[in-house]
Amino acid sequence: MKDYRALLAGKNLSYFIKTYGCQMNERDSEKMAGLLEQIGFSAAQSAESADIVIYNTCCVRESAEDKVFGHLSREKSAKAQRQFILAIGGCMPQQAEMAELLREKHKYADIVFGTGNRHRLPEFLWRVIENGERVIDISEGENLPEITDIPVTTREFPHKAGVNIMYGCDNFCSFCIVPHVRGREKSRAVADILAEIRALAEDGVREIMLLGQNVNSYAGDSSGFPELLRLAHEIDGIRRIRFMTSHPKDFSDELISAVKKLPKVCKHVHLPLQSGSTRVLADMNRRYTKEEYLVLAEKLHTAGIAVTTDIIVGYPGETDSDFEDTLDVVRRVKFAGAFTFIYSKRSGTPAAERTDLIPRKVANERFDRLTAALYPIMTARNEAKIGRAIEVMTESAGEYQYKARSDDNTLVHFSAEAAFSPGDIVPVKIETAKTFYVSGRAL
Ligand code: SAH
Ligand code: SF4
Ligand code: F3S
């Protein structure tokens, strides 16, 4: 096979990647950037000045796709003004209908590719540059070769990085497109993950986020997720370990105790609830009940672990009483934070077949009632931190004003006389609290 990286190396082009969606896509973008940097391409300051513009897309909700199409219309006009290569990759093209639409109706796109063949980007670029070809190449799921051979020289943050521990998803929640676009769940080998973390630590990374759609079901070389946490914990240089996402059905007591006992493992778990109604949860194929979720959240809180969540309102057939169950869980668990969504129909998923749709007006009302229940709880939790001294890891470098994260993932703004860099750990006295962050002063 041709070495496309070598062939492209002399070209010296600039690239710009626009990333939509979750941490998986963010990490994929870093990997693609790494591939391009490795052959001497450089990051452009903006899409307008780049030789190659890459869209790494998300299709988890209709609004995500609308955003991409909105931005693409600008690229279409830009194409009439100047020459550049436009590549559309990520989750959107992984849906057959969408790939067809992009192929037929968005002819200004030079490359349409998927999540499982992103490592072939150099080859696709070469085919456009040298042969004037239009490349439409969608992979089946995530049939990645050994992913560790893709170096990452470009990270969004110098001090923290995501590390994929698994790809794909086998859970098939009825509403969700992810298993359909990311393919079957596949755990990476323990040795590969640890080698990647060691390399990142040597490169200055202090915090890692272990990534998977359901990290609790990690099964690499017969080692489960708690064991992987213990092994990652031993790596020098890494000061904090986070992970996401956790599926409530697979969250074991062994994992709770590992999180509690391992000092570097942050005391925060993102535990999507989706709905508080056992009936809706069964419809969603989530495989836990309201009561089981409440018990798990209670165990986490008892172990000193903060819980954040994802909630969907307006799932087909959701009654007022189902929605009241969701509010009930919100009030009882007292989440530290939540991403809230209105159900969005995704074609190809089982829920898309449902005809008992919730009117938009009702879904909007429930959405507003949900946030009205959540926000005072989040504010009160933050207010309880006033007067306390907490250790934070700095995320930004600024002039005496910084953004940082506490161990339990609270966003902390703080002022200081001294200069700090991203990754520095600083004790901060909390003085004021808002819904989404707290503010204070370095001690
Ligand atoms: N693997 C993770 C995250 C998947 S996507 C998990 O299991 O939670 C992130 C969130 O998007 C989901 O938790 C869900 O709340 C939301 N989501 C997924 N599909 C959706 C849809 N069709 N409509 C609205 N929200 C959706
Ligand atoms: Fe989607 Fe469910 Fe898989 Fe999460 S666990 S990615 S919500 S199917
Ligand atoms: Fe979106 Fe794909 Fe992530 S659909 S949420 S970018 S896995």
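Within the set Ser321, Ser277, the sole residue that is exposed (fewer than 15 other Cβ atoms within 10 Å of the Cβ) and touching a residue at least 40 places away in the same chain (Cβ under 8 Å) turns out to be Ser321. Might you let me know whether segment 84-91 holds any residue that is more than 23 Å from Gly183 (Cα to Cα) and assigned to a helix (DSSP H, G or I)? Within segment 84-91, none of the residues are more than 23 Å from Gly183 (Cα to Cα) and assigned to a helix (DSSP H, G or I). If you go through segment 40-64, how many residues are open to solvent by less than 20 Å² (accessible area, probe 1.4 Å), farther than 16 Å from Lys76 by Cα and more than 16 Å from ligand 1 (Cβ to nearest atom)? Residues flagged as open to solvent by less than 20 Å² (accessible area, probe 1.4 Å), farther than 16 Å from Lys76 by Cα and more than 16 Å from ligand 1 (Cβ to nearest atom) within segment 40-64 amount to 2.
Picking from residues in segment 1-39 that are open to solvent by less than 60 Å² (accessible area, probe 1.4 Å) and among the acidic types (Asp, Glu), the one that is farthest from ligand 2 (Cβ to nearest atom) is Glu30.
Within segment 383-390, identify whether any single residue is surrounded by 14 or more Cβ atoms within 10 Å (Cβ to Cβ) and either in contact with a Pro (Cβ under 7 Å, 6 or more places away or on another chain) or within 20 Å of Pro263 (Cα to Cα) (or both), and answer yes or no. Checked against the condition, which is being surrounded by 14 or more Cβ atoms within 10 Å (Cβ to Cβ) and either in contact with a Pro (Cβ under 7 Å, 6 or more places away or on another chain) or within 20 Å of Pro263 (Cα to Cα) (or both), segment 383-390 yields at least one hit. The single condition among (1) within 16 Å of ligand 1 (Cβ to nearest atom); (2) without any contact (Cβ under 8 Å) to a residue 40 or more places away in the chain; (3) outside any loop (DSSP other than H, G, I, E, B); (4) open to solvent by less than 10 Å² (accessible area, probe 1.4 Å) that Ala352 does not meet is (4). Within segment 402-423, the residues that satisfy the criterion of being touching a residue at least 40 places away in the same chain (Cβ under 8 Å) and among the acidic types (Asp, Glu) are Asp407, Asp408.
Among residues of segment 9-34 that are more than 16 Å from ligand 1 (Cβ to nearest atom), those with a beta-carbon under 8 Å from a residue that is basic (Lys, Arg) and in a loop (DSSP other than H, G, I, E, B) at least six positions away or on a different chain give the pairs Glu30/Arg155. For segment 182-195, the set of residues classified as assigned to a helix (DSSP H, G or I), more than 10 Å from ligand 2 (Cβ to nearest atom) and open to solvent by less than 30 Å² (accessible area, probe 1.4 Å) consists of Val190, Ile193, Leu194, listed by residue number. For Lys267, are the conditions met, namely being among the charged types (D, E, K, R) and farther than 13 Å from Lys249 by Cα? The answer is yes for Lys267. Within segment 224-279, being within 16 Å of ligand 1 (Cβ to nearest atom) and over 22 Å from the mean Cα position of the chain (by Cα) holds for Gly276, Ser277.
Please go through segment 293-315 and give me each residue that is open to solvent by 10 Å² or more (accessible area, probe 1.4 Å), within 16 Å of ligand 2 (Cβ to nearest atom) and in contact with a Lys or Arg (Cβ under 9 Å, 6 or more places away or on another chain), ordered by number.
Within segment 293-315, the first condition is being open to solvent by 10 Å² or more (accessible area, probe 1.4 Å), and the residues that meet it are 294-296, 298-299, 301-304, 308, 310, 312.
Now restrict to residues that are within 16 Å of ligand 2 (Cβ to nearest atom): 296, 308, 310, 312.
Of everything in segment 293-315, nothing turns out to be open to solvent by 10 Å² or more (accessible area, probe 1.4 Å), within 16 Å of ligand 2 (Cβ to nearest atom) and in contact with a Lys or Arg (Cβ under 9 Å, 6 or more places away or on another chain).
Scanning for something assigned to a strand (DSSP E or B) and closer than 27 Å to Leu273 by Cβ, does segment 416-432 turn up at least one residue? No: zero hits. Pairs are defined by a Cβ separation below 7 Å, a sequence spacing of at least 6 or placement on different chains, a first member in segment 211-236 that is in contact (Cβ under 8 Å) with a residue 24 or more places away in the chain, and a second member that is open to solvent by 50 Å² or more (accessible area, probe 1.4 Å) and more than 13 Å from ligand 2 (Cβ to nearest atom); the pairs so defined are Pro226/Glu254; Ile235/Arg198.
The values are calculated or read from the model by the stated rules, or taken from the named source; none is laboratory data. Quick caveat: nothing in here was measured; it's all calculated off a predicted structure. As a convention, Cβ positions derive from the backbone with ideal geometry for all residues, glycine included, and neighbour counts pool all protein chains shown. Just the protein is used for accessible areas: all its heavy atoms, side chains included, with ligands, DNA and RNA removed. Shrake-Rupley method; radii C 1.70, N 1.55, O 1.52, S 1.80 Å.
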